[in-house]
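Worksheet: one structure, shown below.
Laboratory data are not the source of any read-out in this text; all were calculated from the coordinates shown. Just so you know, these numbers come straight off a predicted model, no measurement behind them. When we count neighbours, we look across all protein chains shown, and the Cβ atoms used for this are built from the backbone with ideal geometry, even at glycine.
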Amino acid sequence: MPPVSVFRAALLRFAADGRALYDEDGLLAIGPDATGRQRVQAAGSWQALAAQYADQPVTHWPGRIMAPGFVDVHVHYPQTDVIGSPAASLLPWLERYVFPQESRFAEPQHSAEVAAFFLQELLRHGVTTALVFATSHPASVQALFDQAQRLQLRLITGKVLQDRHSPDGVRDHTLQSLIDTERLLQHWHGVDRLGYAITPRFAPTSTPEQLRGAGELAARYPQVWVQSHVAENRDEVAWVRALFPQARSYLSVYEQFGLLRERAVLAHGIHIDDADRALLQVSGTAVAVCPSSNWFLGSGFFDFAAAMRAGVAYALASDVGAGTSFSPFKTMLAAYGTGRECQTKPGVSLSPTHLWWLHTAGAARALGLAGVVGNLLPGCEGDFVVLNPQATALLARRTAQAASLEELLFALIVLGDDRVIERVIISQAKYQPMLD
Ligand code: GUN
Ligand code: ZN
C-alpha cells in the first residue's frame, strides 16, 4: 500500500449540492494517486473508515475540526501595505494610496518581499488558494508565482492591464502590456498548481484597444482566468457611462470585448440590474463579493437575493487592501451583515453553512475548480486547516453550548479570527510551511 497520511478529528466538507457534511469523529486520508499527486483518498466517519487504515499511523487532534482550506476569489497582494487607508470613496482612494504604493512593484526585490509576507499572511488565516491581482509590472507577477511555487500552493494571478487614466509608474503601454501578458501566461499557466489570469484593472483604466487585446487572449486561451472589477461605486459607473456611451451598462463593456466567460471573475457587481445578472449567468461569469471592502469604501451592498434568483455564480473575497482583513471569518461575518442590510434591498439571512461554502467549495466552483480545492471529498487535492474551537476563552464557552453544526459554525464566524487556525496543511508540499 502506498504511503497515506491518516488524520483523525471532527471533519467538515461539502456535498456537490452545497450541503455541509460533518463527522464529529472523522477520518481524512490523503495519499498519492496513480500519477504521484496527493489526493484525498477517504473522508468520513472514523468508525466507518478506520479499519481500512488499521496498519497506518494516525495523527489525532482531539477537540479540533479539519476543514477545507479557504479560497479567496479576489485579493490584491500589492495592497498589503495600504489596508486601513481612509478615503472618501473608491476613486480618491486609488489615486491617493493605491497607485503610489503599486508603483513600487517595478522593483523585483520589493515585489519578492511583499509576496512572501502576503502568502504567509494568507496561510496564517487559513487561506490556501486565491485569485490575486498583482500590479502592471511583470516583476510583480514573477515574484508572486515564484513564492507560491516554492510553497506548492494552488494560486492564480496576472499582470494588471492599465494603459490610460493612470499615473506614471503604474500606466503600461497597450501593445507591450499584451505581449507581456501572453509571455507570462505561456510561462506560468499550468506549472505545478499555478494559473494565470488576464487582468484588466477595470474599464476606465484601459483603452478599447487594450480591452480588445485582452478579450482576444481570453478567447485564445480558454483555460486561463480573467479578472477585473465591475460596478463597485456610483462615480465609477458614471465614468464608464461617459467613456463608453454606446454600452447598455458597465458590465456590457466587458461583454463587447469578449471578457465575459467561464473562468471570468469580476469583483463587486453592486450597481447592476437584472439584465446584467442575466448576462453574468448566461456567460458563466462569477462575481467576487467583497463585503468588508464595500463597507470600508462606502461602495454599497451586494444583493445576494437578486443574484440567487438570477442564478449568478458568486463567492466571497477579502479584496485586501480596500478589504479590512485577510481573515475568512471577518469576511463571512461582513457578508452576513451585507445580506441583512435591508434599506437598499430586501434583507436576507445567509446561513452559516452557506457562508462557509461561499468561501470554500462554492468559491472553488466559481473559479471552475470544483473537486480540486475548497473541499475534502475523495479526489480533491486536500489542502486543509485544523480549527481550534476553543482558541479563546469566549469561543470555548460559546462553542461548548453549540447544539448544532449551524450554531457551531456561526460561533466561529462571529467570534473567530487567526487564533482559530491552528494548523494549515498544504497537501502537495514536501514540508509544511506553517503552524506545524
Ligand atoms: N477598481 C479598480 N481598481 C481597484 C482596486 O484596486 N480596488 C478596488 N476595491 N476597486 C478597484
Ligand atoms: Zn479589487
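With charges set only on the Cβ (+1 for Lys and Arg, -1 for Asp and Glu), what does the dipole of the chain come to about its Cα centre, in debye to the nearest 20?
Computed about the Cα centre, the dipole is about 340 debye.
Dipole of region 244-346, Cα-centred, from +1 at each Lys and Arg C-beta and -1 at each Asp and Glu C-beta, to the nearest 20 debye?
On the way: 8 positive and 8 negative charges, 30 e Å.
It works out to roughly 140 debye.
Taking amide H positions as placed 1.01 Å from N in the peptide plane, with prolines and chain starts having none, which residues 5 or more places from A10, or on another chain, fall under 5 Å of its amide H?
Amide H neighbours of A10, under 5 Å, 5+ apart: G26, G63, R64, M66.
If you count, for each residue, the other Cβ atoms within 10 Å and average over each peptide, how do 285-294, 394-403 line up from highest to lowest?
Highest to lowest by the protection proxy: 285-294, 394-403.
Which whole-number percent is the relative contact order of region 267-344 (Cα, under 8 Å, 6+ apart)?
Working: 119 pairs, mean separation 26.7, N = 78.
Rounded, it is 34 percent for region 267-344.
Kindly provide the helix-only [θ] at 222 nm of the chain, computed as the sum of -39,500 (n - 2.57) over DSSP H runs of four or more divided by all residues, to the nearest 500 deg cm²/dmol?
Helices in the chain give a 222 nm mean residue ellipticity of -10000 deg cm²/dmol.
Treating only the Cβ of Lys, Arg, Asp and Glu as charged (+1, +1, -1, -1), what charge dipole size does region 302-384 show about its Cα centre? Round to the nearest 20 debye.
240
Could you give me the ³J(HN,Hα) list for region 76-83, computed from phi with Karplus coefficients 6.51, -1.76, 1.60 and θ = phi - 60°, whole Hz, x at Gly and Pro?
10, 5, x, 9, 3, 8, 10, 3
May I ask for the equivalent-ellipsoid semi-axes of the chain, computed as the square root of five times each C-alpha gyration tensor eigenvalue and listed largest first in whole Å?
Result for the chain: semi-axes of 36, 24, 20 Å.
Which one of P222, S292, F304 is farthest out on the positive end of the charge dipole of region 70-350, using unit charges on Cβ (Lys, Arg +1; Asp, Glu -1) and the Cα centre as origin?
After comparing all options, I get F304.
May I ask for log10 I(q)/I(0) of region 148-295 at q = 0.09, 0.13, 0.15, 0.21 Å⁻¹, from a Debye sum over the Cα atoms as equal point scatterers with solvent left out?
Treating every Cα as an identical point scatterer, log10 I(q)/I(0) equals -0.27, -0.57, -0.76, -1.40.
Taking only the alpha-carbon atoms of region 288-436, what semi-axes of the equivalent ellipsoid follow from 5 times the gyration tensor eigenvalues under a square root, in whole Å, largest first?
On the way: eigenvalues 130, 79, 47 Å².
Semi-axes from the Cα gyration tensor: 25, 20, 15 Å.
Using a cut-off of 14 Å between beta-carbons, work out the net charge of the residues near F304 (Lys and Arg +1, Asp and Glu -1, F304 not included).
Values: positive: R277, R309, R340, K345; negative: D303, E341.
Spelling it out: positives minus negatives among the neighbours equals +2.
Hey, with R₀ at 22 Å, roughly what FRET efficiency would S349 and A306 work out to, going by the Cβ-Cβ distance, to 0.05?
FRET efficiency, S349 to A306: 0.90.
Counting only DSSP beta bridges with both residues in the chain, what percent are antiparallel, rounded to the nearest 5? List each step's numbers first, then the result.
Working: 24 of 58 bridges.
Around 40 percent antiparallel, to the nearest 5.
Label points 7 Å out from Cα along the Cβ direction at D417 and E113: separation in nm?
2.6
Can you compute the modelled spin-label distance between R96 and L175, with each label point 7 Å from Cα toward Cβ, in nm?
Placing both labels 7 Å along Cα→Cβ, they lie 3.9 nm apart.
What net charge is computed for the residues neighbouring R277, neighbours being all others with C-beta under 10 Å from the C-beta of R277, Lys and Arg scored +1, Asp and Glu -1?
Here the count lands on -3.
Tell me which chymotrypsin sites (Phe, Trp or Tyr not before Pro) from region 356-436 have a DSSP coil assignment and no more than 13 other beta carbons within 10 Å of their own.
Y431
Measuring from a point 7 Å past the Cα of D146 along Cα-to-C-beta, which residues in region 177-213 have an amide N at less than 20 Å?
180-197
Can you work out the FRET efficiency for the pair D192 and A34, with r the C-beta to C-beta distance and R0 = 25 Å, to the nearest 0.05?
Efficiency computed from Cβ-Cβ geometry: 0.85.
Given a cut-off of under 8 Å on Cα pairs at least six residues apart, what relative contact order in percent is computed for the chain?
18
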